[in-house]
Amino acid sequence: MTGTVIKVTKSFTFDAAHFLPNHKGKCAKMHGHTYKLEVTVVREDGKLMDSGSDEGMVIDFSDLKAIVKAEVIDKVDHNVLNEVFSFRTTAENMAAHIFDVLTDKLRPLGVKVAKIKLWETPDSCAEVDYE
């Protein structure tokens, strides 16, 4: 498997409201979304764990779920995002924020965030990739 990089993705959904002050369109008014969050991760070395109960995994899906739930979902689900974040709550800004938060939490586990994809609607998303 020389040259290969193995990644895993876990998806989440949350419901939240927000508004974009001074926006030229209807998003200036309070409205809600059912967001879909896709978190793709990879081990620092691009390989799989080679020992222990997580042998053959990038990360145990239940461990990834617990981290994302605690660090992201529990903080935003059924909330007004403008009250949660100090930045403008665009999908792009939130995806970048989630990328940074999860990067900090996963780094000690030898795992890095490869991609965050945040779907605001079924046909519109923002994506942040590790470069």
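Observations, loosely collected:
- Overall, the range 7-129 carries a charge dipole of about 440 debye about its Cα centre when +1 sits on the Cβ of Lys and Arg and -1 on the Cβ of Asp and Glu, all other atoms neutral.
- When the chain is treated as a Gaussian network with alpha carbon springs shorter than 10 Å, the biggest mean-square fluctuation among VAL68, VAL113, VAL80 belongs to VAL80.
- With 0.36 nm allotted per residue and the present C-alpha distance subtracted, the LEU48-ALA70 stretch has 5.5 nm of extension available.
- In sequence order, calculated HN-Hα J values of the range 92-101 (Karplus, 6.51, -1.76, 1.60; Hz; x Gly/Pro): 5, 5, 5, 4, 5, 5, 4, 4, 5, 4
- Which label in (1) 23, 18, 13; (2) 31, 14, 12; (3) 20, 15, 14 gives the computed semi-axes √(5λ) of the Cα gyration tensor in Å: (2)
- Across the range 77-86, rounded Karplus estimates of 3J(HN,Hα) from the backbone phi angles (6.51 cos²θ - 1.76 cosθ + 1.60, θ = phi - 60°) give 4, 6, 10, 8, 4, 5, 8, 8, 10, 8 Hz, Gly and Pro being marked x.
- Highest average first, the peptides 105-111, 88-94 ordered by how many other beta carbon atoms sit within 10 Å of their residues are 88-94, 105-111.
- Here's the picture: a label point sits 7 Å out from the Cα of LYS26 along the beta-carbon direction, and within the range 91-131 the residues with their amide nitrogen under 18 Å of it are 91, 120-125.
- Using 0.36 nm per residue and subtracting the Cα-Cα separation, the extra length available between ARG107 and ASP77 on full extension is 8.3 nm.
- Residue among VAL76, VAL5, GLY46 farthest towards the positive dipole end of the chain, charges placed on Cβ: VAL76
- Built amide H within the under 5 Å cut-off of LEU20, gap 5+: ALA28, LYS29
All of the numbers you see were taken from the coordinates with simple rules; none came from a lab. Model, not experiment: these values are computed from the prediction. Glycine also receives a Cβ, built like all others from the backbone with ideal geometry; neighbour counts cover every protein chain displayed.
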